[in-house]
Amino acid sequence: MAPNASDANGVLFESDAATPDLALPHAPVQRADAYPRQYVWRNILLFAYLHLTALYGGFLFLTSAKWQTDVFAYILYVVSGLGITAGAHRLWAHKSYKAKWPLRLILVIFNTIAFQDSAIDWARDHRMHHKYSETDADPHNATRGFFFSHIGWLLVRKHPELKNKGKGLDLSDLYADPILRFQKKYYLLLMPLACFVMPTVVPVYCWGESWSNAYFVAAMFRYAFILNVTWLVNSAAHKWGDKPYDKAIKPSENISVSIFALGEGFHNYHHTFPWDYKTAELGNNRLNFTTNFINFFAKLGWAYDLKTVSEEIIQQRVNRTGDGSHHLWGWGDKDHDRTEADAAIRINPKDE
Ligand SMILES: [Zn+2]
Ligand SMILES: [Zn+2]
């Protein structure tokens, strides 16, 4: 089937929106055919090995690793996480802000430590996930259930619809960046160095850690941990939580996922307005480490042209398609309880 723009099941960029509150002209659907799954045994074995070694690494993390190794593993978790959230996700997949080359270089290094494929490939899969959300062209179609959307999608061959519709996706902006082209070209050399060799060698040579503690804790346990946290955005945050912005889609506001995924669990908002660099409304920055990271670099001038959505449009959308769980807008909101307003302490009021 030829790629067809009207097949889209979610907005990807603001230019896709057709209603004043930035939605598609038609309601989204949820679809999964009975296409038989073809297992990829190499991946099944590799992920089994990863998770067994990660369990052992988690045990060593608690029992025998030096504290410096544990802190190092934590730092690697945060920076590799940022390589996905601030890099592959918000910068490259969604173009929700722009970054000068030093920040892009930092993010590509962080992204390579995370080993979730090159940023170009990650962004391609993720654009498909938003544009064809919850259909067979969504790589981790949550309509197929928790396991499939978490890890199962990586253990089977891609659905033919994904390849079909993927041909129509514009990735020219990604290939225009020499830093991203370099990462993709040398990925099979750079990734093992960043994700496995460096995390093992640094603890051994810098603070005399044993080879096995360094490998199982800072490489395998840390890698499997951030991988599962990323997958929770596709599985748990597509299943559990409120839908204050659009009740017709699966993505939900999941605070637990946000805490571990550095602010990426406000997923109902994110699928409603994917080009917002905050991936959440204002006010959630406390649980949104990635937004704070981008704001910090915006102060330095390395991050710029940060895109966000106006409160008026959010409110319109909440009123039209939300499930009614949206919190109060603030003082004077129509849902603001009268007795609560009367009882509030107001310092120096000037409006009455
Ligand atoms: Zn999603
Ligand atoms: Zn996204």
Top-ranked residue of the range 110-154 - restricted to ones that are of a type in the set (Asp, Glu) and either under 20 Å from Ile249 (Cβ atoms) or in contact with a Phe, Trp or Tyr (Cβ under 7 Å, 6 or more places away or on another chain) (or both), ranked as surrounded by the most Cβ atoms within 10 Å (Cβ to Cβ): Asp138
Members of the range 133-167 found to be within 16 Å of ligand 1 (Cβ to nearest atom), more than 20 Å from Ala236 (Cβ to Cβ) and assigned to a helix (DSSP H, G or I), listed by number: Leu162
Specify the residue that is surrounded by the fewest Cβ atoms within 10 Å (Cβ to Cβ); the eligible residues are those in the range 8-56 that are part of a helix (DSSP H, G or I) and among the aromatic types (Phe, Trp, Tyr). Trp41
Restricting attention to the range 200-256, the residues that are more than 12 Å from ligand 1 (Cβ to nearest atom), of a type in the set (S, T, N, Q) and at pLDDT below 95 number exactly 1
All-but-one check, Arg157 against (1) closer than 27 Å to Ser96 by Cα; (2) in contact (Cβ under 8 Å) with a residue 24 or more places away in the chain; (3) surrounded by fewer than 16 Cβ atoms within 10 Å (Cβ to Cβ), failing number (1)
Using the structure shown, decide if Asn141 is within 17 Å of the chain's Cα centre (by Cα) and farther than 22 Å from Thr272 by Cβ. no
When the range 239-253 is checked residue by residue, the ones that are hydroxyl-bearing (Ser, Thr, Tyr) and more than 16 Å from the chain's Cα centre (by Cα) are Tyr245
Within the range 296-325, track down each residue that is surrounded by 16 or more Cβ atoms within 10 Å (Cβ to Cβ) and over 26 Å from Asp21 (Cα atoms). Phe297, Ala298, Trp302, Ala303
Selected residue (only one of Ala65, Ala54, Ala93 is in contact with a His (Cβ under 6 Å, 6 or more places away or on another chain) and not β-branched (Val, Ile, Thr)): Ala93
Please verify whether Val197 is away from ligand 1 (no atom under 16 Å from the Cβ), within 23 Å of Trp67 (Cβ to Cβ), free of Cβ contacts under 8 Å to residues at least 12 places away in the same chain and surrounded by fewer than 24 Cβ atoms within 10 Å (Cβ to Cβ), treating the condition exactly as stated. yes
Looking at Phe115, Phe110, which is the one that is aromatic (Phe, Trp, Tyr) and on the phi < 0 side of the Ramachandran plot? Phe110
Report every pair of residues separated by at least 6 positions or lying on different chains whose Cβ atoms are under 8 Å apart, first residue within the range 284-310 and closer than 24 Å to Phe13 by Cβ, second in a helix (DSSP H, G or I) and among the basic types (Lys, Arg). Thr290/Arg90; Ile294/Arg90
Would it be correct to say that Val229 is without any contact (Cβ under 8 Å) to a residue 60 or more places away in the chain, closer than 20 Å to Ser80 by Cα and within 16 Å of ligand 2 (Cβ to nearest atom)? no
Is it true that Tyr277 is away from ligand 1 (no atom under 16 Å from the Cβ) and either over 15 Å from the mean Cα position of the chain (by Cα) or free of Cβ contacts under 8 Å to residues at least 12 places away in the same chain (or both)? no
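The values are calculated or read from the model by the stated rules, or taken from the named source; none is laboratory data. The structure displayed is predicted, hence computed values, not measured ones. Glycine gets a Cβ as well: all are built from the backbone with ideal geometry, and neighbour counts include every protein chain shown.
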